[in-house]
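**Student:** One structure, as structure tokens, below. Some questions next.
The values are calculated or read from the model by the stated rules, or taken from the named source; none is laboratory data. Please read all numbers here as calculations on a predicted model, not as lab measurements. Counting neighbours? That spans all protein chains shown, and the Cβs are built from the backbone with ideal geometry, glycine included. Note: accessible area is taken over every heavy atom of the protein model, side chains too, but ligands, DNA and RNA are not part of it. Shrake-Rupley method; radii C 1.70, N 1.55, O 1.52, S 1.80 Å.
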Amino acid sequence: MNSTDSKQVSVGGLQVTAFTSMQDAVKHIIRPDGTVVPGFGIAINPEKVMLARADQELRALINNATLRFADGTGVVRTMAKKGVANTRIPGCELWEALMRQAAAQQLPVVIIGAKPEVNAACADKLRRIGTPVVAAIDGYYQDERKLHEALLAHQPKLVTVAMGSPRQEQLIERLRKVYPDAFYLGVGGTYDVFTGYGKRAPKLFCDLHLEWFYRLCSQPSRIGRQLALLSYLRLHLTQKL
């Protein structure tokens, strides 16, 4: 499977693109010749599927993206149950793979969001691995026009926004109207993890597809959100997704 023949599978009313490897996902966005396909990517997990089923505005926002990829094991299994081979593409890993490819092909990058110290540390670390970060703007800007001016002045090929959903996706929609010539990706807490300000689940939990359980143990207040997983499982098992 490559960037020209990637299949889309309906999962709870959302069209999700199937990839068999992280390399395929990167090639879908950055072609081997260095061409970046302009667009807007959103990670899809069971919680997001259930929220979109209940919220028409969120569903429309997600469906406006040009790329939806499976960032949750449940979504991967639903796609496989529908006969399409695919693998999980964690959003944080896709972001880092894109940043390393940007370094290899010298593609200009803009990073937006997170606390000032996290944003600065992220930009510094990326530059040290060779990624051309042409602008780094934390999430505490006062005027959105600052973002517009940076995009128009630097003309990046990749723009990533770390603000959490759906705020980051709503911002991306607005930014694309001002500057459509880049690939945009919402990345949540990825900058924090990349710089050591935040922690991802240990590798064992990731390997066992139990990141959700680690997050629940770390933040018991997430219990309400995790209940959506049970609803998703029921729909998955009864083939109603």
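**Student:** Suppose R0 equals 25 Å. What FRET efficiency, 1/(1 + (r/R0)^6) with r the Cβ-Cβ distance, do LYS240 and ALA85 give to the nearest 0.05?
**Tutor:** Values: r = 22 Å, r/R0 = 0.88.
Calculated transfer efficiency: 0.70.
**Student:** What relative contact order, as a whole-number percentage, does the chain give when Cα pairs under 8 Å and 6 or more residues apart are counted? Can you show the working numbers first?
**Tutor:** Values: 403 pairs, mean separation 48.4, N = 241.
Result for the chain is 20 percent.
**Student:** For the Cα atoms of the chain, what angle does the longest principal axis make with the long axis of helix 167-178, in degrees from 0 to 90, nearest 10?
**Tutor:** 50
**Student:** Of the options LEU107, LEU185, GLY83, report the single residue whose Cα projects farthest towards the positive end of the charge dipole of the chain (beta-carbon charges: Lys, Arg +1; Asp, Glu -1).
**Tutor:** Looking along the dipole axis, the top candidate is GLY83.
**Student:** While we're here: Rounded to the nearest 10 degrees, what's the angle between the helix 223-237 long axis and the longest principal axis of the chain, both from Cα atoms, 0 to 90?
**Tutor:** Computed tilt is about 60 degrees.
**Student:** Tell me which chymotrypsin sites (Phe, Trp or Tyr not before Pro) from the range 15-117 have a DSSP coil assignment and no more than 11 other beta carbons within 10 Å of their own.
**Tutor:** Passing both the DSSP loop test and the Cβ count: no residue.
**Student:** Determine the share of the chain's accessible area contributed by carbon and sulfur atoms, expressed in whole percent, with a 1.4 angstrom probe.
**Tutor:** Heavy-atom surface of the chain belonging to carbon and sulfur, 1.4 Å probe: 51 percent.
**Student:** Mind putting a number on the dipole of the chain about its Cα centre? Charges go on the C-beta only, +1 for Lys and Arg and -1 for Asp and Glu, and I need it in Debye to the nearest 20.
**Tutor:** My answer is approximately 620 debye.
**Student:** Pop the C-beta distance of LYS7 and GLU173 into the FRET formula with R0 = 22 Å and round what comes out to the nearest 0.05.
**Tutor:** Values: r = 26 Å, r/R0 = 1.16.
Efficiency computed from Cβ-Cβ geometry: 0.30.
**Student:** So, one more: Based on Cβ point charges of +1 for Lys and Arg and -1 for Asp and Glu, what charge dipole magnitude is obtained for the range 94-197 about its Cα centre, in debye rounded to the nearest 20?
**Tutor:** On the way: 12 positive and 11 negative charges, 35 e Å.
Using only the charged Cβ atoms, the result is roughly 180 debye.
**Student:** Specify whether the C-alpha gyration tensor of the range 114-181 places it in the rounded, prolate or oblate class, a ≥ b ≥ c being the square roots of the eigenvalues: rounded for a/c under 1.5, otherwise prolate if a/b is larger than b/c and oblate if not. Numbers along the way, then the final one.
**Tutor:** Numbers: a/c = 1.71, a/b = 1.25, b/c = 1.37.
Judged from the Cα gyration tensor, the range 114-181 comes out oblate (a/c at least 1.5, b/c at or above a/b).
**Student:** Let me ask something additional. Between the range 93-119 and the range 120-191, how many Å separate their Cα centres?
**Tutor:** Each part reduced to its Cα centre gives a spacing of 9 Å.
**Student:** How large is the helix-only mean residue ellipticity at 222 nm for the chain, computed as the sum of -39500 (n - 2.57) over DSSP H runs with n ≥ 4, divided by its residue count, in deg cm²/dmol to the nearest 500?
**Tutor:** Details: 12 runs with 118 residues, N = 241.
That calculation yields -14500 deg cm²/dmol at 222 nm.
**Student:** Calculate, for the range 13-142, the solvent-accessible area per residue in square angstrom, rolling a 1.4 angstrom probe over the heavy atoms of the protein chains.
**Tutor:** 42
**Student:** Extending each Cα 7 Å along its Cβ direction at LEU227 and MET22, get the distance between those two points in nm, one decimal.
**Tutor:** Calculated label separation equals 3.5 nm.
**Student:** A follow-up question, please. Determine, for the range 43-167, the count of lysine pairs separated by eight or more sequence positions (or lying on different chains) whose alpha-carbon distance falls under 29 Å.
**Tutor:** Going through the range 43-167 pair by pair, I get 10.
**Student:** So, one more: Quick one: helix 145-154 against the long Cα principal axis of the chain, what's the angle to the nearest 10°, folded into 0 to 90?
**Tutor:** 70
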